[in-house]
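The values are calculated or read from the model by the stated rules, or taken from the named source; none is laboratory data. For clarity, every value in this text was computed on a predicted model and none was experimentally measured. Here Cβ is always computed from backbone atoms with ideal geometry, including for glycine, and neighbour counts include all displayed protein chains.
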Amino acid sequence: MPEWLIERGIGETRAALVEDGRIIEARVAREGVVPVGTVLEGQLKSVGRNAVAIAGGQEYLLPKGAPGFTEGASVQVEVTREALAGTEPWKRPLGRLTNESVRQAPGQDGREVSGSELDEAGWLDLLEEARSGIIQFPGGELRVFVTPAMSLIDVDGQLPPAELAVAGARAAAEIIRRHGVGGSIGVDLPTVEGKAARQAAAATVDEILPKPFERTAVNGFGFLQIVRPRCHASTFELAAERAAFEALVLLRQVRREVGAVRLVAHPAVIAVLEANPVWLEALSRQVGGAVALRSDPSLAISAGHAEPA
């Protein structure tokens, strides 16, 4: 049976749905991001077609408007899409007006674990997929590109076109779920002759990807579009905010150190850590010693490490 594993870390909480020892779905909840399902007390800033409410110091767009209310009215707002990081940090979160009482988001049921259990299920592999956007599957490869308009998945490989279309559709559907990709998604499959082969590829997506989602048929050029609810940033989108992503990976990496440590990293990563002293204080408590920083511009942005202080 699949089981959700929850790891509470510095600056973020990581959740992974694990089946047969492998992560089939993952979610990273950044600290300070109000999760979907939270109900906040707020005030209407504007009404009409561009209704906006302010709640918890944050502006929420209200796509369904605020019928029956006037500007300045006190309202309850349920968060329906979180603030997005990565490629769209400017995009405001979404909400809807509700009669429900103020509440925290429904908790993700799961077993709280240490990082080693997530690593055994493939968490480090998942991070590398998010960084590179390159995923291997038997007979081929996926390349994932994140844009503000949509996420694009290119399928390439050595299998005969009809086989590659089905295998690529399966791999793409698995990766969409694994990394929490939502919104508009384009999958570029190989061009195949015959309607039956295209239908087989589309049917594979239906088999693998949990609902709700909508999709088109695979057209004659091998293109398939999928639309899923977009409630939060995917891990690909989080990885696009590269310096913050690598700073949090580094904090997780060194959490098992004992005593005073010095974090050595690319200047962009060090700048993120310097801007978040609370993270460093939390790490200091974990390792039981002082935490210092050293910037090294010769390092790759993902090559941060710890050394004795």
Original post:
Taking the condition in contact (Cβ under 8 Å) with a residue 60 or more places away in the chain and among the acidic types (D, E), does E241 pass?
Top reply: yes
**OP:** For residues that are under 28 Å from G182 (Cα atoms), of a type outside the set (A, V, I, L, M) and in a loop (DSSP other than H, G, I, E, B), tally how many sit in the range 229-266.
**Re:** 6
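One line per residue, one yes/no per condition, for (1) more than 30 Å from E174 (Cα to Cα); (2) outside the structural domain of P210 (by TED's automatic domain parsing); (3) not hydroxyl-bearing (S, T, Y):
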{"residue": "R27", "(1), (2), (3)": "no, yes, yes"}
{"residue": "S46", "(1), (2), (3)": "yes, yes, no"}
{"residue": "A53", "(1), (2), (3)": "yes, yes, yes"}
{"residue": "L62", "(1), (2), (3)": "yes, yes, yes"}
{"residue": "V77", "(1), (2), (3)": "yes, yes, yes"}
Subject >> Unique match (being under 21 Å from the mean Cα position of the chain (by Cα) and either outside the structural domain of T80 (by TED's automatic domain parsing) or of a type in the set (D, E, K, R) (or both)) among R252, R256 >> reply: R252
Original post:
Restricting attention to the range 107-116, does a residue exist that is free of Cβ contacts under 8 Å to residues at least 12 places away in the same chain, more than 25 Å from the chain's Cα centre (by Cα) and loosely packed, with under 13 Cβ neighbours inside 10 Å?
Top reply: no
**OP:** Only strands (runs of 3 or more DSSP E) wholly contained in the range 1-72 count here; list those with 3 or more residues that are among the hydrophobic types (A, V, I, L, M, F, W, C) and in contact with a helix residue (DSSP H, G or I) (Cβ under 8 Å, 6 or more places away or on another chain).
**Re:** 22-30
**OP:** Just need a number here: residues in the range 281-308 that are exposed (fewer than 14 other Cβ atoms within 10 Å of the Cβ) and in contact (Cβ under 8 Å) with a residue 40 or more places away in the chain.
**Re:** 2
Original post:
Consider P277 against the criteria (1) without any contact (Cβ under 8 Å) to a residue 24 or more places away in the chain; (2) in contact with a helix residue (DSSP H, G or I) (Cβ under 8 Å, 6 or more places away or on another chain): it satisfies all of them except one. Which criterion is unmet?
Top reply: (2)
Subject >> Matching option when the condition is in a strand (DSSP E or B) and charged (D, E, K, R), among R92, R96 >> reply: R96
Subject >> the range 152-169, subset touching a helix residue (DSSP H, G or I) at 6+ places or on another chain (Cβ under 7 Å) and buried (at least 18 other Cβ atoms within 10 Å of the Cβ), residue farthest from L224 (Cα to Cα) >> reply: G157
Original post:
Counting just the residues of the range 156-194 that are of a type in the set (A, V, I, L, M, F, W, C) and under 12 Å from I208 (Cα atoms), which one comes out farthest from the chain's Cα centre (by Cα)?
Top reply: V166
**OP:** Can you tell me which residue within the range 118-146, out of those that are closer than 18 Å to T13 by Cβ and touching a helix residue (DSSP H, G or I) at 6+ places or on another chain (Cβ under 8 Å), is surrounded by the most Cβ atoms within 10 Å (Cβ to Cβ)?
**Re:** A130
**OP:** Could you tell me whether A201 is of a type outside the set (S, T, Y), closer than 24 Å to S132 by Cα, buried (at least 18 other Cβ atoms within 10 Å of the Cβ) and not assigned by TED's automatic domain parsing to the domain that holds E7?
**Re:** no
